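Down below is the structure, laid out as structure tokens.
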Amino acid sequence: MKNILVIILSTLVINAFSQVVTDETKRKFTFGLDVFADLWQDVPKDLDPKTINPGVNVFGSYNFMLGESNFSLSPGIGIGVHNMFNNCRTVTINDSTYFESIPDSISYKRTKFVATYFDIPFEFRFKSKTEVRFAVGFKFGFLMKAQTKYKGDDYAEGNKNLVIYKKGKIKNVEKNRYGFTARLGYKWFNLWGYYQLSTLFAEGKGPEMYPISIGITIIPF
């Protein structure tokens, strides 16, 4: 949640800054914020992700305009945060990581898996004079951090004391992720989607699950 708040605050600052930049700068550079929910695919039988798993991307790109047309090629950089709220704890045994469901006898308020990536997106974009936008692209990401957080009964000690367990490094999470992106909108408001081709965990060392992300993009300029 702290990461999400920092990203949102950064976008608000960018939005305020956009009021003073020139039209030429706005033509060459694009900054934005994706707010989305992940639909997890091929999840193992013991894992039950919540319906809404919020995430955010913040990104910036340079637009290489194709002549005098409204089309551009736009490479950039970004940070992406994915949250998966679920009913399990993450366990690693014999160099294999899996999700173990929490027994019904244990009461908990929250358990989630969080993955943060440094992304390199590349898009082919169209922006009309009336600021109708369309883009298709591909992005490649590098894992910055994978972690879990649990809040509830102390299952380790077997009592009802309220505890918070954090695991700051999850083994076998794939170091890279990649997939296709698409965006459609008008001016600052856009619909956005991401179809990940890579799995969350390294092959043979964890569930072969992956997210499909659907949400909106806010583009100050």
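The values are calculated or read from the model by the stated rules, or taken from the named source; none is laboratory data. Model, not experiment: these values are computed from the prediction. When we count neighbours, we look across all protein chains shown, and the Cβ atoms used for this are built from the backbone with ideal geometry, even at glycine.
Listed conditions (1) touching a Lys or Arg at 6+ places or on another chain (Cβ under 8 Å); (2) without any contact (Cβ under 8 Å) to a residue 12 or more places away in the chain are all met by residue 119, apart from (2). Close contacts from segment 153-167, counting a first residue that is closer than 14 Å to residue 110 by Cβ and a second that is exposed (fewer than 11 other Cβ atoms within 10 Å of the Cβ) and of a type in the set (A, V, I, L, M), with Cβ to Cβ under 9 Å and a gap of 6+ residues or different chains, come to 163/156; 165/156. Only a single criterion out of (1) within 24 Å of residue 211 (Cα to Cα); (2) touching a residue at least 12 places away in the same chain (Cβ under 8 Å) is not satisfied by residue 72, namely (1).
Screening the candidates 96, 101 for the property of being in contact with a Cys (Cβ under 7 Å, 6 or more places away or on another chain) and polar (S, T, N, Q) yields one hit, 101. In the condition set (1) aromatic (Phe, Trp, Tyr); (2) modelled with pLDDT of 90 or more; (3) outside any strand (DSSP E or B), residue 59 is compliant with all but (3). In segment 80-103 there is at least one residue that is in contact with a helix residue (DSSP H, G or I) (Cβ under 7 Å, 6 or more places away or on another chain), of a type outside the set (Ser, Thr, Tyr) and either part of a strand (DSSP E or B) or buried (at least 19 other Cβ atoms within 10 Å of the Cβ) (or both).
Here residue 190 meets each of (1) polar (S, T, N, Q); (2) surrounded by fewer than 14 Cβ atoms within 10 Å (Cβ to Cβ); (3) not in a loop (DSSP other than H, G, I, E, B) with one exception, condition (2). For segment 163-179, the count of residues that are modelled with pLDDT under 95, among the charged types (D, E, K, R), within 25 Å of the chain's Cα centre (by Cα) and not in a strand (DSSP E or B) is nonzero. For segment 209-221, the set of residues classified as of a type outside the set (Val, Ile, Thr) and modelled with pLDDT under 95 consists of 220, 221, listed by residue number. Inside segment 193-221, residues that are in a strand (DSSP E or B) and either under 20 Å from residue 122 (Cβ atoms) or in contact with a Leu (Cβ under 9 Å, 6 or more places away or on another chain) (or both) make up a count of 13.
For segment 110-148, the tally of residues that are among the basic types (Lys, Arg), surrounded by fewer than 17 Cβ atoms within 10 Å (Cβ to Cβ), over 15 Å from the mean Cα position of the chain (by Cα) and in a strand (DSSP E or B) stands at 1.
Has segment 161-178 got at least one residue that is within 23 Å of residue 45 (Cβ to Cβ) and polar (S, T, N, Q)? Looking through segment 161-178, at least one residue is within 23 Å of residue 45 (Cβ to Cβ) and polar (S, T, N, Q).
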